[in-house]
Amino acid sequence: MTNATGSAMPAVFLNDRSLLLVSGAEAQSFLQNLITTDITSLGADEARPGALLTPQGKILFDFMIWQDGDGYMIETDAGQRDGLLKRLTMYKLRAAVTLATSTEEGVTVSWSEDAEGSQGVRDSQGVRDSQGVRDSRFAKAGVTLIRRPGKHGDGNEALYDALRISHGIVTSGSDFALQDAFPHDVLMDFNGGLSFRKGCYVGQEVVSRMQHRGTARRRVVTVSAATALPETGTEITAGGKPVGALGSVEGGSGLAIVRIDRAGAAMAAGTPLLAGETPVSLVLPAWSGLVFPTSGDEASA
């Protein structure tokens with residue numbers, strides 16, 4: 001696969017992704033009243049992140065969602081698919097909605113980080129790929145990343161992980177545990193996956209309260225070290241006190257969800273941050289507009 005200038009683009013097959021189809025006359029209203037994403041404003045070729053929350057506002061299932069004809073395609077981790085289908089079926093009741101698993105297995109991602117690449121993804125004959133959808137999370141970071149059901153490439157998955165890490169884009173399992181994180185923790189209030197303007201959905205009251213009171217303290221950061229980082233799950237500390245834990249790791253770079261108030265205070269005081277015994281530096285993703293607080297105040301743009 002090439003970008004608009006003819007340059008080769010990485011194409012990585014993610015075999016641990018699965019797809020669900022939601023269709024029917026009431027598909028849009030069914031999902032709109034249930035998940036965090038405002039799907040009424042979805043572009044025709046846009047994929048947005050989303051989540052189904054617990055009543056306490058924590059992420060029960062996370063996914064990407066895009067339009068598929070008159071319905072919607074939901075891409076989630078293969079290990080979540082059956083549980084998500086069961087939960088959606090429970091909420092369906094008498095709604096005019098059909099829920100089904102897709103015959104396609106896995107998803108291929110391809111991307112370009114140059115300005116010309118944003119004009120479109122093209123196949124070897126120069127024809128624009130109309131089957132792919134643009135991942136809005138990467139778009140906010142200035143990267144054109146296309147997601148396509150099925151296998152359309154054989155690039156090394158480590159390339160995709162490195163891209164995610166460099167731009168502060170997390171995935172459940174590797175970076176956070178389901179039912180343990182709020183949408184704010186994983187920057188869904190900035191990446192298009194969390195709406196504060198639409199009506200009620202499961203867990204909406206809790207996340208709206210966090211938003212209006214500015215109580216979000218845990219946030220995604222990129223982690224870097226002069227040497228290889230220790231393994232996923234290693235605690236990050238400041239002055240012997242925990243601030244978070246490592247998620248995805250590729251060499252000397254990684255992701256973590258940390259208490260940015262504690263990390264900010266440590267950095268302001270010159271207190272070293274350690275992942276295990278390894279000195280590290282933490283950076284908030286530039287596309288979020290967040291900064292580390294140096295007092296009890298919430299981080300803000």
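The values are calculated or read from the model by the stated rules, or taken from the named source; none is laboratory data. Computed from a prediction, not measured in an experiment: that's the story for all the values here. Please note: Cβ atoms are built from the backbone with ideal geometry, for glycine as well, and neighbour counts cover all protein chains shown. Only protein heavy atoms, including side chains, enter the accessible area calculation; ligands, DNA and RNA are left aside. Shrake-Rupley method; radii C 1.70, N 1.55, O 1.52, S 1.80 Å.
Observations
- Flag if Thr271 is assigned to a loop (DSSP other than H, G, I, E, B), more than 23 Å from Ala162 (Cα to Cα) and either open to solvent by 60 Å² or more (accessible area, probe 1.4 Å) or small (Gly, Ala, Ser) (or both): no
- Here is the figure for the range 43-62: residues that are among the hydrophobic types (A, V, I, L, M, F, W, C), modelled with pLDDT of 95 or more and open to solvent by 10 Å² or more (accessible area, probe 1.4 Å) total 2.
- Selection of the range 192-216 for residues being within 30 Å of Gly252 (Cβ to Cβ) and either modelled with pLDDT of 95 or more or assigned to a helix (DSSP H, G or I) (or both) yields only Gly193.
- Criterion violated by Asp38 - all others in (1) in contact (Cβ under 8 Å) with a residue 60 or more places away in the chain; (2) farther than 19 Å from Ala139 by Cβ; (3) surrounded by fewer than 21 Cβ atoms within 10 Å (Cβ to Cβ) satisfied: (2)
- In the range 87-106, the qualifying residues are those that are free of Cβ contacts under 8 Å to residues at least 24 places away in the same chain and closer than 20 Å to Ser29 by Cβ, and the one that is surrounded by the fewest Cβ atoms within 10 Å (Cβ to Cβ) is Arg94.
- Positions within the range 122-143 being modelled with pLDDT under 95, open to solvent by less than 80 Å² (accessible area, probe 1.4 Å) and either of a type in the set (S, T, N, Q) or in contact with a Ser or Thr (Cβ under 6 Å, 6 or more places away or on another chain) (or both), in sequence order: Arg122
- In the set (1) surrounded by fewer than 16 Cβ atoms within 10 Å (Cβ to Cβ); (2) in a helix (DSSP H, G or I); (3) in contact with a strand residue (DSSP E or B) (Cβ under 8 Å, 6 or more places away or on another chain), Leu84 fails one condition alone, (1).
- The selection criterion, being crowded, with 17+ Cβ neighbours inside 10 Å and in contact with a helix residue (DSSP H, G or I) (Cβ under 9 Å, 6 or more places away or on another chain), does not hold for Pro230.
For every residue, the table says whether it meets (1) within 21 Å of the chain's Cα centre (by Cα); (2) not β-branched (Val, Ile, Thr).
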| position | (1), (2) |
| --- | --- |
| Thr232 | yes, no |
| Gly244 | yes, yes |
| Gly252 | no, yes |
| Val258 | yes, no |
| Gly270 | no, yes |
| Ala286 | yes, yes |
| Val291 | yes, no |
